[in-house]
1. Against the definition (out of contact with any Phe, Trp or Tyr (no Cβ under 8 Å at 6 or more places or on another chain), surrounded by 17 or more Cβ atoms within 10 Å (Cβ to Cβ) and aromatic (Phe, Trp, Tyr)), how does residue 39 come out, yes or no?
2. Take the stretch 24-58 and flag every residue that is touching a Cys at 6+ places or on another chain (Cβ under 7 Å), over 17 Å from residue 168 (Cα atoms) and not hydrophobic (A, V, I, L, M, F, W, C).
3. Taking the stretch 67-102 as the region of interest, how many residues are more than 25 Å from residue 349 (Cα to Cα) and in contact with a strand residue (DSSP E or B) (Cβ under 6 Å, 6 or more places away or on another chain)?
4. Have a look at 185, 193, 229 and point out the one that is open to solvent by 10 Å² or more (accessible area, probe 1.4 Å), under 30 Å from residue 281 (Cβ atoms) and aliphatic (A, V, I, L, M).
5. Under the condition of being over 17 Å from the mean Cα position of the chain (by Cα) and either polar (S, T, N, Q) or open to solvent by less than 10 Å² (accessible area, probe 1.4 Å) (or both), which residue from the stretch 152-182 is nearest to residue 106 (Cα to Cα)?
6. List the number of the failed condition for residue 136; all other conditions in (1) surrounded by 17 or more Cβ atoms within 10 Å (Cβ to Cβ); (2) without any contact (Cβ under 8 Å) to a residue 40 or more places away in the chain; (3) within 22 Å of residue 205 (Cβ to Cβ); (4) of a type outside the set (Ser, Thr, Tyr) hold.
Amino acid sequence: MSALFTPFDLGPVRLPNRIVVSPMCQYSADDGSASDWHFQHLPSLGMSGAGLVMTEATHVERHGRITHGCLGLYSDSNEAALARLMAATRRVSPRETRFGVQLAHAGRKGSATRPWEGGMPLAADQDPWRTVAPSALPFNAGWQTPDALDAGGIERIIVAFVSAAQRAVRIGFDVVELHCGHGYLLHQFYSPLANQRTDQWGGSPENRARIILTIAERVRAVLPAHIALGARITGTDWAEGGVTIDDAVHLATSLKSLGLDYVDVTGGFVVPPSGIPFGPGFQAPLAAQVRREAAIATRAVGGITDPIQANAIIERGDADMVALARAFLADPRWGWRAADALGDDVTYPPQYLRAKGVFGPG
């Protein structure tokens, strides 16, 4: 058996293999509630051969969304729709497949149009909303200047994450993940490029991490022991003066001490991207250093598309899991192809066994 297809215990959750479908925004929800699009999208990924399938970024406040089309978990309607979606997805997925929800808040990168509509701030006639951030610094020229959160606003955000986690428990997710990367609110607090506060929520790395660690501690407290908790963190901002890999190691170590089971190590996008060295597995070395120095289960992400490449990352010990996004959009059966390429096996739905070479009448 290849390293990629060995089982892995993600804290209390047994994964059948090391392949993870990375969270991928679909921008197709109705006021945060899953739509018909999601009912074809997520069940398809559920039968992809991946051991763990993550939902797209699922926002904890209505005004914490990136766009009007972003998925949310801030209302009873959101919860009911996501519960129906997950029930349908589990019915068509292999029994051993596990599912996770990524909880997020867009912060200053919210109130934007969908990517295929330009991905720019909403105009006055497009129902924009006031955005919030650690400091009143816009993401880029032409973007809204966010309101700097006061103490009450910070507490509201923390409570929103906890409330969304409680909804996730009721829905029955196996894994809960906090989105602390890609320039969204929790990353904004951690990065000196977005956080210029001088109070307890800014300045030193410990203060900049305070909101992340507070949310992690409170969310862990409301999750039953059988649910794994992790975080997507930033390994580097790929920009001078931003988060470094040493910061990431420190944050991962702190999260482990609070009972988190893993970190997913990504990078960039707290400021407009420039000079990011995109390429095959370009962020895997970040995951490797965090895994080695923080001694926490680690997921690599970024430019991973080939089964041989993915297997090598696990074999080398650079990460315990690999997350793929675009590869699964291009081929929702990527896990099946990977098993073929590596001489391994995955569970096919019986209706699709002919794709495996098992033929019958009809």
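1. Values: out of contact with any Phe, Trp or Tyr (no Cβ under 8 Å at 6 or more places or on another chain): yes; surrounded by 17 or more Cβ atoms within 10 Å (Cβ to Cβ): no; aromatic (Phe, Trp, Tyr): yes.
Judged against the criteria, residue 39 is not a match.
2. Passing the criteria: only 27.
3. Qualifying residue count for the region: 8.
4. Values: 185 fails: open to solvent by 10 Å² or more (accessible area, probe 1.4 Å); 229 fails: open to solvent by 10 Å² or more (accessible area, probe 1.4 Å).
After ruling out the rest, the residue left standing is 193.
5. Only one residue tops the list, namely 157.
6. With (1) surrounded by 17 or more Cβ atoms within 10 Å (Cβ to Cβ); (2) without any contact (Cβ under 8 Å) to a residue 40 or more places away in the chain; (3) within 22 Å of residue 205 (Cβ to Cβ); (4) of a type outside the set (Ser, Thr, Tyr) applied to residue 136, the lone miss is (1).
The rows are residues; the columns are (1) of a type in the set (S, T, N, Q); (2) at pLDDT 95 or above; (3) in contact with a helix residue (DSSP H, G or I) (Cβ under 8 Å, 6 or more places away or on another chain); (4) not in a loop (DSSP other than H, G, I, E, B).
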residue: 163; (1), (2), (3), (4): yes, yes, no, yes
residue: 176; (1), (2), (3), (4): no, yes, yes, yes
residue: 186; (1), (2), (3), (4): no, yes, yes, yes
residue: 192; (1), (2), (3), (4): no, yes, yes, no
residue: 200; (1), (2), (3), (4): yes, yes, yes, no
residue: 203; (1), (2), (3), (4): no, yes, no, no
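Yes/no matrix, rows are residues, columns are (1) without any contact (Cβ under 8 Å) to a residue 24 or more places away in the chain; (2) surrounded by fewer than 23 Cβ atoms within 10 Å (Cβ to Cβ):
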{"residue": "256", "(1), (2)": "no, yes"}
{"residue": "261", "(1), (2)": "no, yes"}
{"residue": "269", "(1), (2)": "no, yes"}
{"residue": "282", "(1), (2)": "yes, yes"}
{"residue": "290", "(1), (2)": "no, no"}
{"residue": "293", "(1), (2)": "no, yes"}
{"residue": "296", "(1), (2)": "no, yes"}
{"residue": "308", "(1), (2)": "no, yes"}
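The values are calculated or read from the model by the stated rules, or taken from the named source; none is laboratory data. The model shown is predicted, which means the values in this text are computed figures rather than measured ones. Reconstructed Cβ throughout: ideal geometry from the backbone, glycine too, with neighbour counts over all protein chains shown. Quick note on the areas: whole protein, heavy atoms, side chains included, nothing else; ligands and nucleic acids left out. Shrake-Rupley method; radii C 1.70, N 1.55, O 1.52, S 1.80 Å.
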